[in-house]
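One structure below.
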Amino acid sequence: MISIEPVAAPGAPLARRNPVAKLAAALVFSFILIATLDPVAPALAIAVQLAVLPLFGIRYRVLARRAWPLLASAAGILVTLVLFAADRSGRVLVEAGPVLVTSGVLLTALGLVLRMLAVALPGVIVFATTDPTDLADALIQNAKAPARFAIGALAAFRLVPLLGQEWQMISMARRARGVDAARNPVAKLRLFVSTAFALLVGAIRRGTRLAVAMDARGFDAGTPRTVARRQRFTPADGLLMAGAAVLAGAALTVSILLGTFRPLIG
Amino acid sequence: MSAVELRGFGWRHAGRKAWAVRGVDLRVEAGERVLLLGPSGAGKSTLLAALAGLLPEDSGEQEGVVEIDGLDPRKARERVGIVFQDPETQLVMARCGDDVAFGLENRGVPADEIWPRVDEALRRVGFPYHRDRPTAALSGGEQQRLALAGALALRPGLLLLDEPTANLDPAGAALVRQAVAGAVDVDTTLILVEHRVAEALPLVDRVVVLEPGGGVRVDGPPAAVFAAHGDALAESGVWVPGRTVPPRHAAAPAGDLLLTADRLGLPPRLTPTDLAVRAGEALAVLGPNGAGKSTLALLVGGLLKPGTGRVTAAPELAGADARTPPHRWRAPALAGRIGSVFQDPEHQFVTGTVFDELALGPRRTGQPEAAVKGIVDGLLERLGLARLAGANPYTLSGGEARRLSVATALATAPRLLICDEPTFGQDRQTWRELVDLFAELRDAGHGVVAITHDPDFVAALADRTVTLERP
Amino acid sequence: MTQPTGNRWRTIDIVIASVLGVAFGVIFWAWGLLWNGPADAIPLPGRAVLYGVWLVPAVLGALIIRKPGAALYTLTLAALVSVALGTSWGWTIVVQGPLEAAAGELAFALFGYRNYRLPVALLAATLAGLAASIYDVFVWYPGTAWGSFRLPYILITAASSLVVAGLGSVALTRALAGTGVLDRFPAGRERAAV
Ligand SMILES: Nc1ncnc2c1ncn2[C@@H]1O[C@H](COP(=O)(O)OP(=O)(O)OP(=O)(O)O)[C@@H](O)[C@H]1O
Ligand SMILES: Nc1ncnc2c1ncn2[C@@H]1O[C@H](COP(=O)(O)OP(=O)(O)OP(=O)(O)O)[C@@H](O)[C@H]1O
Ligand SMILES: [Mg+2]
Ligand SMILES: [Mg+2]
């Protein structure tokens with residue numbers, strides 16, 4: 001289910017880094033890897049990520065639980081390529097009607113699947129180790145994000161776990177008043193849609209009141225804000241970002257040296 | 001420290017033809033402590049919102065003048081602290097300490113002063129947890145105290161409290177009142193809205209009564225006001241201390257068994273509980289905040305699936321469905337047999353107007369349209385909602401919303417009625433009307449289960465009480 | 001209309017845009033499971049028929065808030081939230097989200113942030129759909145054929161976006177206005193008093 005709590009062991013050396021630095025490191029790492037289509041560089045990158053995982057204080061089992069939707073995605077990529085690959089060179093492995101699977105197709109698919117994983121995992125790691133409040137603070141203090149927007153987003157994000165409860169409440173209210181769908185699938189769909197709509201309406205109404213409450217405590221007063229929780233950007237944070245770039249670059253370099261590199265564009 | 005001046009003040013909410021408040025002339029000096037009274041819907045909450053500068057120009061129409069220390073309240077927000085009736089919607093941050101600090105950051109308080117002031121405010125309201133505690137893990141009473149701390153930390157010159165103890169158990173309410181008494185500086189001006197006058201009197205030195213649509217009706221020191229106008233005020237709906245309401249106990253002994261709960265529970269919200277409800281009796285369920293009363297109501301009402309134990313409805317209540325538990329009944333059948341009133345009225349509304357809200361139940365249980373109109377009009381009239389028939393349920397005042405939610409359950413005249421806090425936020429008039437409605441229903445042989453923190457309500461109506469303990 | 005606040009975002013603008021962003025982040029998260037789960041039964045590019053859902057917040061945010069940056073902010077936040085909850089595209093949505101959103105924003109900017117009627121909404125949705133699918137084709141589906149995959153994919157996505165994100169957002173805004181929750185926004189101001 002939806003969980004927004006960080007799962008890292010507190011005090012893990014890399015989990016403690018400035019959230020902006022983690023975010024930037026993950027972005028750099030991912031985007032260097034997006035540049036290639038070969039399987040070697042992403043495979044190396046995944047190995048690197050799994051190796052540093054303990055430094056982020058995440059156990060492998062926890063990562064697997066957070067990352068399982070990625071596997072579904074991988075399957076999707078495989079199917080798409082098997083059906084629509086442009087390059088069908090290589091040895092023919094399967095030929096069934098319009099489906100022609102060759103070793104070239106499989107190699108491309110493997111590259112893409114590995115690349116998807118390599119690109120997605122840093123995001124999972126960052127958000128699994130970062131408290132949303134700290135992220136908003138760091139965005140404001142270290143990345144010069146506009147404070148009003150960062151805080152507004154943070155306040156709204158707090159509503160996520162409440163949405164599930166609200167859904168249950170709406171369903172119960174309807175049932176108490178004699179509204180249900182019986183066993184009729186069309187009515188079920190209608191009820192689902194109208195419950196979802198009621199949830200959105202409720203969320204907006206809540207937001208309106210939240211905005212009033214924030215104004216009541218001087219949110220929009222125009223006075224320059226101070227910060228209660230200082231987020232520091234230390235040399236170690238810079239090092240983390242540089243490290244990410246170097247490691248991703250190294251993976252690419254190895255792939256180029258091995259002659260497997262296939263640039264995205266070109 | 002701040003003085004309040006209202007001259008001919010009025011406000012009309014966008015989308016309404018009637019003025020929420022009008023013609024208010026009032027001056028509150030710095031350091032005064034005022035209890036603001038008036039019938040439900042008289043405009044008390046609207047007036048507080050105006051003083052806090054929280055009525056945006058684009059949400060209605062203003063008339064007359066309102067000033068805090070000679071300033072427009074929208075420009076004087078840093079002098080005012082407000083605690084709304086519903087604490088849940090006023091918490092902004094995910095951790096308790098951060099939430100109190102939020103206001104201080106906005107006001108530009110230097111960083112090294114923030115945490116000492118946060119700790120001081122939390123201490124003054126008697127907040128029991130560390131400031132790292134997630135705000136989502138607080139009970140209603142704790143949220144209320146945190147909201148109060150958030151307002152106090154700003155050291156407002158004017159503190160506005162709108163029914164700060166609604167929904168709290170008596171012990172929790174006493175704690176919050178104690179916190180207010182101990183937390184307010186001598187020179188803070190206080191305006192408090194509270195229907196239950198007796199409990200609030202020790203906190204105030206002046207009483208102001210609003211007349212719906214007609215400005216200030218009475219104004220003066222509590223003793224003088226209640227001595228001179230006690231009867232007239234009680235008549236118009238104010239809870240004048242010392243004036244009790246005649247009880248309405250059952251005339252006949254309770255009838256057949258309607259429903260039993262055996263070891264009914266839902267861990268961790270409710271520990272296994274036994275309960276039996278008979279026709280023609282009013283049963284009150286009491287217990288501290290967080291004891292699981294609302295959970296019990298939902299389980300017995302056939303809205304939640306029991307975690308442990310079971311609910312059995314007698315054939316008397318269940319008709320053809322006597323062999324299945326209520327949570328498996330079809331919704332129209334359920335609505336015709338067991339009516340539920342939720343603790344938060346807004347959780348219960350599913351349509352866009354007051355009229356449709358009341359008509360929904362009777363329509364779903366198959367009443368002809370003419371009968372529906374008769375039922376709805378009767379309820380609107382009795383509960384003082386007739387002029388609001390076309391209004392959106394979410395724009396009602398606190399007390400109006402509560403009455404509407406009770407009325408929606410009454411509309412299908414269910415054999416068993418389960419109400420969660422049916423009387424909070426009511427003035428004396430509407431309170432009596434509600435008690436009469438429940439009593440009539442009971443005397444006609446229906447079962448009534450009421451969850452309540454209101455001792456007057458228990459004294460007036462209950463034939464039997466059950467008390468839950470905190471798990 | 002007089003513009004007391006002009007183009008400055010009020011607190012309520014920020015909070016409601018954020019609430020929309022967060023709500024759609026959750027929807028994206030759930031939609032992602034559907035997209036890669038049951039919807040796998042429809043192979044790409046046909047599955048792009050469902051694509052419009054990803055672009056709703058850009059148009060909806062702009063139609064409700066009616067301030068410069070609303071499309072960009074709402075969709076970017078939705079993308080970020082879906083990443084935080086864990087989507088299968090992970091991370092790169094942090095870049096793709098703003099890109100699509102900027103394309104949608106462009107439509108409203110072209111009309112000086114004064115026109116929020118149907119045609120502009122449709123234009124915004126289409127632009128966002130084009131941006132999204134072109135990005136996809138290059139980044140996620142390299143090595144696929146133009147004729148049998150890429151062109152159909154782009155066209156179907158744009159059409160889906162036009163219908164779901166364009167028409168859908170206009171209809172949703174109207175429905176929301178009818179409930180009274182948008183009373184403090186221009187979109188909700190045309191209702192009768194009771
Ligand atoms: N947001 C709103 N939009 C439209 N009408 C409103 C709104 N809020 C309140 N009203 C109406 O204004 C009138 C005064 O409401 P207000 O909440 O100020 O009453 P109140 O004195 O606080 O009542 P209660 O004791 O029941 O809380 C009511 O008739 C109510 O229906
Ligand atoms: N939807 C929910 N999910 C999880 N826990 C819940 C939920 N609703 C309530 N709880 C928890 O279950 C316990 C019992 O809650 P419940 O609302 O039944 O108490 P209550 O007796 O009605 O309290 P109050 O007097 O404050 O209304 C509380 O600790 C509460 O935090
Ligand atoms: Mg009120
Ligand atoms: Mg309760």
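The values are calculated or read from the model by the stated rules, or taken from the named source; none is laboratory data. What you are looking at is a predicted structure, and each value in this text was computed from that prediction instead of being measured. So basically every Cβ, Gly included, is an ideal-geometry build from the backbone, and we count neighbours across all protein chains shown.
Right, B:Ala42: touching a Lys or Arg at 6+ places or on another chain (Cβ under 8 Å) and small (Gly, Ala, Ser) or not?
Working: touching a Lys or Arg at 6+ places or on another chain (Cβ under 8 Å): no; small (Gly, Ala, Ser): yes.
The answer is no for B:Ala42.
Table: residues versus (1) touching a His at 6+ places or on another chain (Cβ under 9 Å); (2) buried (at least 24 other Cβ atoms within 10 Å of the Cβ); (3) of a type in the set (Asp, Glu).
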{"site": "B:Cys419", "(1), (2), (3)": "no, yes, no"}
{"site": "B:Phe424", "(1), (2), (3)": "yes, yes, no"}
{"site": "B:Thr430", "(1), (2), (3)": "no, yes, no"}
{"site": "B:Thr465", "(1), (2), (3)": "no, no, no"}
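Among the residues that make up region B:197-206, is at least one of them more than 17 Å from the chain's Cα centre (by Cα), away from ligand 2 (no atom under 16 Å from the Cβ) and among the β-branched types (Val, Ile, Thr)?
yes
Within region B:402-434, how many residues turn out to be within 16 Å of ligand 4 (Cβ to nearest atom), under 26 Å from B:Arg243 (Cα atoms) and part of a helix (DSSP H, G or I)?
2
Condition check ((1) acidic (Asp, Glu); (2) away from ligand 1 (no atom under 16 Å from the Cβ); (3) part of a loop (DSSP other than H, G, I, E, B); (4) at pLDDT below 85) across all residues:
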residue: B:Pro156; (1), (2), (3), (4): no, yes, yes, no
residue: B:Leu159; (1), (2), (3), (4): no, yes, no, no
residue: B:Asn167; (1), (2), (3), (4): no, no, yes, yes
residue: B:Gly172; (1), (2), (3), (4): no, yes, no, yes
residue: B:Arg177; (1), (2), (3), (4): no, yes, no, no
residue: B:Ala181; (1), (2), (3), (4): no, yes, no, no
residue: B:Asp187; (1), (2), (3), (4): yes, yes, yes, yes
residue: B:Ile191; (1), (2), (3), (4): no, no, no, no
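Select from region B:36-92 the residues that are more than 10 Å from every other protein chain (Cβ to nearest Cβ), touching a Pro at 6+ places or on another chain (Cβ under 7 Å) and part of a helix (DSSP H, G or I) and write down the one among them that is farthest from B:Lys17 (Cα to Cα).
Restricting to residues being more than 10 Å from every other protein chain (Cβ to nearest Cβ), touching a Pro at 6+ places or on another chain (Cβ under 7 Å) and part of a helix (DSSP H, G or I), the top hit is B:Arg79.
Regarding B:His195, is this residue buried (at least 16 other Cβ atoms within 10 Å of the Cβ), more than 14 Å from chain A (Cβ to nearest Cβ) and within 16 Å of ligand 1 (Cβ to nearest atom)? Give the derivation first.
Details: buried (at least 16 other Cβ atoms within 10 Å of the Cβ): yes; more than 14 Å from chain A (Cβ to nearest Cβ): yes; within 16 Å of ligand 1 (Cβ to nearest atom): yes.
For B:His195, the condition - buried (at least 16 other Cβ atoms within 10 Å of the Cβ), more than 14 Å from chain A (Cβ to nearest Cβ) and within 16 Å of ligand 1 (Cβ to nearest atom) - is met.
Considering each of A:Ala211, A:Ala221, A:Ala203, A:Ala182 in turn, give the residue that is under 30 Å from B:Arg117 (Cβ atoms), within 7 Å of another protein chain (Cβ to nearest Cβ) and out of contact with any Ser or Thr (no Cβ under 8 Å at 6 or more places or on another chain).
Details: A:Ala211 fails: out of contact with any Ser or Thr (no Cβ under 8 Å at 6 or more places or on another chain); A:Ala203 fails: under 30 Å from B:Arg117 (Cβ atoms); A:Ala182 fails: under 30 Å from B:Arg117 (Cβ atoms).
Going through A:Ala211, A:Ala221, A:Ala203, A:Ala182 in turn, the sole match is A:Ala221.
For region B:345-368, what are the residues that are part of a loop (DSSP other than H, G, I, E, B) and without any contact (Cβ under 8 Å) to a residue 24 or more places away in the chain?
Answer for region B:345-368, where residues must be part of a loop (DSSP other than H, G, I, E, B) and without any contact (Cβ under 8 Å) to a residue 24 or more places away in the chain: B:Val350, B:Gln367, B:Pro368.
Among (1) crowded, with 16+ Cβ neighbours inside 10 Å; (2) more than 19 Å from C:Ile27 (Cβ to Cβ), there is one condition C:Arg117 misses while meeting the rest; what is its number?
(1)
What's the total number of residues in region B:216-245 that are in a loop (DSSP other than H, G, I, E, B) and over 24 Å from the mean Cα position of the chain (by Cα)? Quick ask: steps written out before the conclusion?
First, the residues of region B:216-245 that are in a loop (DSSP other than H, G, I, E, B): B:221, B:237-245.
This time we only want the ones that are over 24 Å from the mean Cα position of the chain (by Cα), so: B:221.
Counting residues in region B:216-245 that are in a loop (DSSP other than H, G, I, E, B) and over 24 Å from the mean Cα position of the chain (by Cα) gives 1.
Name every residue in region B:120-142 that is within 12 Å of chain A (Cβ to nearest Cβ), buried (at least 16 other Cβ atoms within 10 Å of the Cβ) and in a helix (DSSP H, G or I), in order of residue number.
Step one: list which residues in region B:120-142 are within 12 Å of chain A (Cβ to nearest Cβ), which gives B:131-132, B:134-137.
Now restrict to residues that are buried (at least 16 other Cβ atoms within 10 Å of the Cβ): B:131, B:135.
Listed by number, the list holds a single entry, B:Thr135.
From the list B:Val66, B:Val80, which residue is in contact (Cβ under 8 Å) with a residue 12 or more places away in the chain and either out of contact with any Ser or Thr (no Cβ under 8 Å at 6 or more places or on another chain) or more than 27 Å from A:Thr223 (Cα to Cα) (or both)? Give the steps one after another, and end with the answer.
Values: B:Val80 fails: either out of contact with any Ser or Thr (no Cβ under 8 Å at 6 or more places or on another chain) or more than 27 Å from A:Thr223 (Cα to Cα) (or both).
Answer to the selection: B:Val66.
From A:Leu100, A:Leu114, which residue is of a type outside the set (Lys, Arg), under 22 Å from A:Ala251 (Cβ atoms) and surrounded by fewer than 24 Cβ atoms within 10 Å (Cβ to Cβ)? Please lay out each step first, then the result.
Working: A:Leu100 fails: under 22 Å from A:Ala251 (Cβ atoms).
Sole residue among the options that is of a type outside the set (Lys, Arg), under 22 Å from A:Ala251 (Cβ atoms) and surrounded by fewer than 24 Cβ atoms within 10 Å (Cβ to Cβ): A:Leu114.
Over 29 Å from the mean Cα position of the chain (by Cα) and within 10 Å of another protein chain (Cβ to nearest Cβ): which single residue out of B:Ala101, B:Ala111 fits that description?
Working: B:Ala101 fails: over 29 Å from the mean Cα position of the chain (by Cα).
Exactly one of B:Ala101, B:Ala111 is over 29 Å from the mean Cα position of the chain (by Cα) and within 10 Å of another protein chain (Cβ to nearest Cβ), namely B:Ala111.
Would you be able to say whether some residue in region B:139-157 is among the polar types (S, T, N, Q) and on the phi > 0 side of the Ramachandran plot?
Let us first name the residues in region B:139-157 that are among the polar types (S, T, N, Q), namely B:139, B:143-144.
Adding the requirement that they be on the phi > 0 side of the Ramachandran plot leaves none.
Scanning region B:139-157, I find no residue that is among the polar types (S, T, N, Q) and on the phi > 0 side of the Ramachandran plot, so the answer is no.
Hey, any hits in region B:409-420 for a residue that's away from every other protein chain (no Cβ under 14 Å) and either at pLDDT below 90 or within 14 Å of ligand 1 (Cβ to nearest atom) (or both)? Don't jump to the end; show me each part of the working.
As a first pass, look at region B:409-420 and keep what is away from every other protein chain (no Cβ under 14 Å): B:415.
Restricting the remaining residues to those that are either at pLDDT below 90 or within 14 Å of ligand 1 (Cβ to nearest atom) (or both) gives none.
No, every residue in region B:409-420 fails to be away from every other protein chain (no Cβ under 14 Å) and either at pLDDT below 90 or within 14 Å of ligand 1 (Cβ to nearest atom) (or both).
Among the residues that make up region B:133-151, is at least one of them among the polar types (S, T, N, Q), in contact (Cβ under 8 Å) with a residue 24 or more places away in the chain and touching a Cys at 6+ places or on another chain (Cβ under 8 Å)? Spell out how you get there, then give the answer.
From region B:133-151, those among the polar types (S, T, N, Q) are B:135, B:139, B:143-144; that's our starting set.
Keeping just the survivors that are in contact (Cβ under 8 Å) with a residue 24 or more places away in the chain gives B:135, B:139, B:143-144.
Going one step further and asking which of them are touching a Cys at 6+ places or on another chain (Cβ under 8 Å), we end up with B:135.
The answer is yes, given that some residue of region B:133-151 is among the polar types (S, T, N, Q), in contact (Cβ under 8 Å) with a residue 24 or more places away in the chain and touching a Cys at 6+ places or on another chain (Cβ under 8 Å).
Among the residues that make up region C:43-51, is at least one of them under 21 Å from C:Val94 (Cβ atoms) and either at pLDDT below 75 or of a type outside the set (Gly, Ala, Ser) (or both)?
First, the residues of region C:43-51 that are under 21 Å from C:Val94 (Cβ atoms): C:51.
With either at pLDDT below 75 or of a type outside the set (Gly, Ala, Ser) (or both) added as a condition, the list becomes C:51.
Yes, region C:43-51 contains at least one residue that is under 21 Å from C:Val94 (Cβ atoms) and either at pLDDT below 75 or of a type outside the set (Gly, Ala, Ser) (or both).
A:Arg115: more than 22 Å from A:Leu264 (Cβ to Cβ) and part of a helix (DSSP H, G or I), yes or no?
Values: more than 22 Å from A:Leu264 (Cβ to Cβ): no; part of a helix (DSSP H, G or I): yes.
Answer is no for this residue.
Specify the residue that is nearest to the other protein chains (Cβ to nearest Cβ); the eligible residues are those in region B:319-371 that are of a type in the set (Gly, Ala, Ser) and touching a Ser or Thr at 6+ places or on another chain (Cβ under 8 Å).
Kept after step one, since they are of a type in the set (Gly, Ala, Ser), are these residues of region B:319-371: B:319-320, B:322, B:331, B:333, B:335-336, B:339-340, B:352, B:359, B:361, B:366, B:370-371.
So of that shortlist, the ones also touching a Ser or Thr at 6+ places or on another chain (Cβ under 8 Å) come out as B:335-336, B:339, B:352, B:361.
Values: B:Ala335: 3, B:Gly336: 7, B:Gly339: 8, B:Gly352: 6, B:Gly361: 5 Å.
The qualifying residue nearest to the other protein chains (Cβ to nearest Cβ) is B:Ala335.
Could you list, ordered by first residue, the pairs with Cβ atoms under 7 Å in which the first is in region A:225-244 and within 14 Å of chain B (Cβ to nearest Cβ) and the second is surrounded by fewer than 18 Cβ atoms within 10 Å (Cβ to Cβ) and in a loop (DSSP other than H, G, I, E, B), at least 6 apart or interchain?
Listed by first residue and then by second, the contacts come to A:Arg225/B:Gly108; A:Thr226/B:Gly108; A:Thr226/B:Pro110.
How many residues does region B:58-82 hold that are under 22 Å from A:Ala211 (Cα atoms) and out of contact with any Asp or Glu (no Cβ under 9 Å at 6 or more places or on another chain)?
Residues that pass the stated criteria total 8.
Restrict the check to region B:22-34 and report whether at least one residue is within 16 Å of ligand 3 (Cβ to nearest atom), modelled with pLDDT of 90 or more, within 30 Å of B:Ala386 (Cα to Cα) and not assigned by the TED database to the domain that holds B:Glu346. Break it down stepwise before answering.
Of region B:22-34, the ones within 16 Å of ligand 3 (Cβ to nearest atom) are B:24, B:34.
Next, only the ones that are modelled with pLDDT of 90 or more stay: B:24, B:34.
Now drop any that are not within 30 Å of B:Ala386 (Cα to Cα), which leaves B:24.
Of the ones still in play, those that are also not assigned by the TED database to the domain that holds B:Glu346 are B:24.
The answer is yes, given that some residue of region B:22-34 is within 16 Å of ligand 3 (Cβ to nearest atom), modelled with pLDDT of 90 or more, within 30 Å of B:Ala386 (Cα to Cα) and not assigned by the TED database to the domain that holds B:Glu346.
Taking the criterion of being within 8 Å of another protein chain (Cβ to nearest Cβ) and more than 30 Å from A:Arg225 (Cβ to Cβ), would at least one residue in region A:148-171 satisfy it?
Within region A:148-171 (the criterion being within 8 Å of another protein chain (Cβ to nearest Cβ) and more than 30 Å from A:Arg225 (Cβ to Cβ)), the answer is yes, since at least one residue qualifies.
Identify the residue in region B:435-456 that is under 20 Å from B:Ala173 (Cβ atoms) and more than 15 Å from ligand 4 (Cβ to nearest atom) and, among all such residues, is surrounded by the most Cβ atoms within 10 Å (Cβ to Cβ). It would help to see each step written out before you state the result.
Initial filter on region B:435-456 (under 20 Å from B:Ala173 (Cβ atoms)): B:450-456.
Now narrow it down to the ones that are more than 15 Å from ligand 4 (Cβ to nearest atom): B:455-456.
Numbers: B:Pro455: 11, B:Asp456: 18.
It comes out as B:Asp456.
For B:Asp377, all conditions in the list (1) surrounded by 24 or more Cβ atoms within 10 Å (Cβ to Cβ); (2) charged (D, E, K, R); (3) within 18 Å of B:Arg363 (Cβ to Cβ) hold save one; what is the number of the exception?
(1)
Say we look at region B:373-394 and pick out the residues that are within 13 Å of chain C (Cβ to nearest Cβ) and within 16 Å of ligand 3 (Cβ to nearest atom); which of these is modelled with the lowest pLDDT? Step through it out loud before you land on a result.
So in region B:373-394, the residues within 13 Å of chain C (Cβ to nearest Cβ) come out as B:385-394.
This time we only want the ones that are within 16 Å of ligand 3 (Cβ to nearest atom), so: B:385, B:388, B:391, B:393-394.
On the way: B:Leu385: 92, B:Leu388: 93, B:Ala391: 91, B:Pro393: 91, B:Tyr394: 88.
Among them, the one singled out is B:Tyr394.
Test A:Val101 against the criterion of being assigned to a helix (DSSP H, G or I) and more than 11 Å from chain C (Cβ to nearest Cβ), and give yes or no. Steps first, please.
On the way: assigned to a helix (DSSP H, G or I): no; more than 11 Å from chain C (Cβ to nearest Cβ): yes.
So A:Val101 fails the test.
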